[in-house]
Amino acid sequence: MNFSAWALQLNALLEQHQALWRHNAYQSLDLKPFNDYPELLPYLLTLSDSELFKLQADDRSLLRALLPFFPPATELLTLITLTSPENPSYCEPPSGIPGRKWQQIQAFINAHPTENTISKHHFSSTPVIEWCSGKGYLSEAMVRRYQLKSVGLEIDQALVASGNVRAASTNISRRIVNCDVFSDLVFQYVDNSQQILALHACGGLHQRLLRTAVNGGSPRLSLSPCCYHRFNDGEYQNQSTLMRSCSLILNNEDLRTAVRQTLTARVGETVARRQLQARYFALRVILNEQGLAADISLPSTAQHLSKATFTDWMQAILALKPLAIHIPSNSDHYEALGWQYLHKAERVELVRMAFRRAIELHCVLDSVLFLQEHHYHCTLSEFCSTALTPRNLLIQADKLTPPQT
């Protein structure tokens, strides 16, 4: 697979259409970026709520729906389509491990070949370093299946203690150590005899993994990245030489777009979130009518306030940020307006969401290219369906053996 060509094509597409995927409909309903696609907005605004929610949850379904009205969807769909696994059967989780997390762990392990011809350090027989391990659920699963020795690296002392209590119940050498992976202490544990595994390592944490693996000579690593906006300096830091030569810079707002696909929220949480979003739109109407800037920064409010009256909610806002406005008596009118604005914003926002997987892949391909530059053979795939977790990309990398001289 030509990862360089793939990355450059994605980069060019994102650069060309950045006015669309950087347009935040919750902050601005200026629709000038959509002028080149006159049929797009009329289609979006006809979507029912059920259609909207379905498209919000599935990148490929969203792009297929946009194809007749948005020609770039064709290229986007091609560029984000990867090999996906068949739906596996899952066994019951061990006591104490959440069911969905256990399914993700099983899918992560199942996605790996137990043998390969690239390296003698096979997935099923090489000792494990679990990166940012938490309680060590992933390495526990590896121990159960392959009887491997493992060490988990975790900064939270409470998780270390809890994980080691679990580890003590097995007869295999498995432990978790208190380690900040950004510190030099990490090199006491990483060497050229152990593979590194990370399931959902956030932003700068998984980039640190890449650099540590390269510097420590790790023979193989398996990484599922997550939350690209965390643990960085406010923007994505390209690792590979190729991507550092590109002019596109992804800031943290862009990186949040990449992970705006949550499938695990409870119905009540979704209802509360939308109620609050509608109220923020209503408040911005009030701000505009009373002579204040409608785009002024507003404080966030607790989810439980979605159940309060609109007047009580506004009083909570004003307690957090005093504004020179009065609360209108006809609050129902403004709340209804807020829902009208939300109805439109959610549908316009689908265009930005159509680019979220492309933005994510832009980051993931940078990681792959970085590893290739340091003589790793890499594959990139999806280890499970997006219904199990939207963060389902899997990088597998094996250190290439230098030729004999």
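The values are calculated or read from the model by the stated rules, or taken from the named source; none is laboratory data. Please read these numbers as outputs of a predicted model, since none were measured by experiment. Counting neighbours? That spans all protein chains shown, and the Cβs are built from the backbone with ideal geometry, glycine included. Remember, those area values only see protein heavy atoms, side chains included, never the ligands or the DNA or RNA. Shrake-Rupley method; radii C 1.70, N 1.55, O 1.52, S 1.80 Å.
Annotations for the structure displayed:
- For the range 324-354, filtering for residues that are open to solvent by less than 30 Å² (accessible area, probe 1.4 Å) and assigned to a loop (DSSP other than H, G, I, E, B) leaves 3.
- Residue check: Ala336 meets all listed conditions (1) within 30 Å of Ala387 (Cβ to Cβ); (2) at pLDDT 95 or above but one, namely (1).
- Condition check for Ile249: surrounded by 12 or more Cβ atoms within 10 Å (Cβ to Cβ), without any contact (Cβ under 8 Å) to a residue 40 or more places away in the chain and not basic (Lys, Arg): no
- Going through (1) more than 30 Å from Leu361 (Cβ to Cβ); (2) open to solvent by 20 Å² or more (accessible area, probe 1.4 Å); (3) not in a helix (DSSP H, G or I) one by one, Asn192 falls short only on (1).
- Looking only at the range 364-393, residues that are among the acidic types (Asp, Glu) and surrounded by 23 or more Cβ atoms within 10 Å (Cβ to Cβ) come to 1 in all.
- Filter result for Gln261 (in a loop (DSSP other than H, G, I, E, B), over 25 Å from Glu373 (Cβ atoms) and not β-branched (Val, Ile, Thr)): yes
- Filtered residues of the range 49-66 (kept if free of Cβ contacts under 8 Å to residues at least 40 places away in the same chain and either among the β-branched types (Val, Ile, Thr) or within 13 Å of Leu350 (Cα to Cα) (or both)): Asp49, Glu51, Phe53, Lys54, Arg60, Ser61, Arg64, Ala65
- Pairs with Cβ under 6 Å, 6+ apart, first in the range 33-48 and in contact (Cβ under 8 Å) with a residue 24 or more places away in the chain, second in a loop (DSSP other than H, G, I, E, B) and open to solvent by less than 30 Å² (accessible area, probe 1.4 Å): Tyr37/Phe70; Leu40/Phe70
- Of all the listed residues (Leu205, Leu221), the sole one being in a helix (DSSP H, G or I) and either within 15 Å of Ser367 (Cβ to Cβ) or in contact with a Pro (Cβ under 9 Å, 6 or more places away or on another chain) (or both) is Leu205.
- Among the residues of the range 127-151, the ones that are touching a Leu at 6+ places or on another chain (Cβ under 8 Å), open to solvent by less than 10 Å² (accessible area, probe 1.4 Å), farther than 14 Å from Leu205 by Cβ and not polar (S, T, N, Q) come to 3 in all.
- Screening Asp30 against (1) among the charged types (D, E, K, R); (2) in a helix (DSSP H, G or I); (3) exposed (fewer than 12 other Cβ atoms within 10 Å of the Cβ) leaves a single unmet condition, (2).
- Filtering the range 124-170 to residues that are over 27 Å from the mean Cα position of the chain (by Cα), part of a loop (DSSP other than H, G, I, E, B) and on the phi < 0 side of the Ramachandran plot leaves Ser124, Ser125, Thr126, Pro127, Leu148, Lys149, Ala168, Ser169, Thr170.
- Some residue of the range 289-303 being open to solvent by 20 Å² or more (accessible area, probe 1.4 Å), out of contact with any Ser or Thr (no Cβ under 8 Å at 6 or more places or on another chain), in contact (Cβ under 8 Å) with a residue 24 or more places away in the chain and not in a loop (DSSP other than H, G, I, E, B): yes
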